[in-house]
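Only the coordinates and a few stated rules stand behind these numbers; no lab work does. Here the structure is a predicted model, which is why all the values come from computation and not from measurement. So basically every Cβ, Gly included, is an ideal-geometry build from the backbone, and we count neighbours across all protein chains shown.
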Amino acid sequence: MKAIIRIRGKVKLERKTEETFRRINLYNKFNCIVISNPNKSQEGMINALESLTAYGDINEKTLEMLIEKRGQWIDKKKKMDFKAVAQNLMKGQSLKENNLKPYFRLHPPRGGIKSKVHFPRGILGNHKEKINDLIKRML
């Protein structure tokens, strides 16, 4: 599973980049999406937005925390257990099938970030397993 967090805001972006953000459901700064099995086109969009986002492989424990603290129910009468939803997502179901909105709104990271530098020194780009630490700082 991949987690993608939008780091760059909306100001002075090219139209093509804005369209790519819209297609992948990242509308605002510090929004996060989770994709269970990215297909070829989604992988291409992630690579196109590499210098504007942080992404990596999310584990089940962090996914449960993300759903518990930041998940928003579509229909509030049909709430489910967070662990069951996380397991369903790991199996390949979508967030909408589990009665959750397709994105998570996060706080800016505690401890600050270097938002103009790529991963080893900054926050942009592919974090692989370290994305879990970033998400925990943003909850």
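State, to one decimal in nm, how far the label point of ALA48 lies from the label point of LYS69, with both points 7 Å from Cα in the Cβ direction.
A separation of 3.2 nm, rounded to one decimal place.
In this model, which of LYS2/LYS136; LYS12/LYS128; LYS16/LYS136; LYS78/LYS136; LYS2/LYS91 are farther than 20 Å apart at the alpha-carbon?
LYS12/LYS128; LYS16/LYS136; LYS78/LYS136
Fewest to most neighbouring Cβ within 10 Å: what's the order for MET90, MET45?
In increasing order of surrounding Cβ atoms, one gets MET90, MET45.
Say a site is exposed when it is one of the GluC sites (Glu not before Pro), sits in a DSSP loop, and has at most 16 other Cβ atoms within 10 Å; what is then the longest site-free stretch of the chain?
The answer is 51-128.
Under 5 Å between amide H atoms, partner at least 5 residues away or on a different chain: which partners does LEU100 have, H built in plane at 1.01 Å?
ILE74
Once R0 is set to 25 Å, what does the formula 1/(1 + (r/R0)^6) return for the Cβ-Cβ distance between GLU14 and MET90, expressed as a FRET efficiency to the nearest 0.05?
Given R0 = 25 Å and the Cβ-Cβ separation, E is 0.10.
Candidates (i) 14.6, 57; (ii) 14.4, 44; (iii) 16.4, 50; which is the computed Rg and Dmax of the Cα atoms in Å?
(ii)
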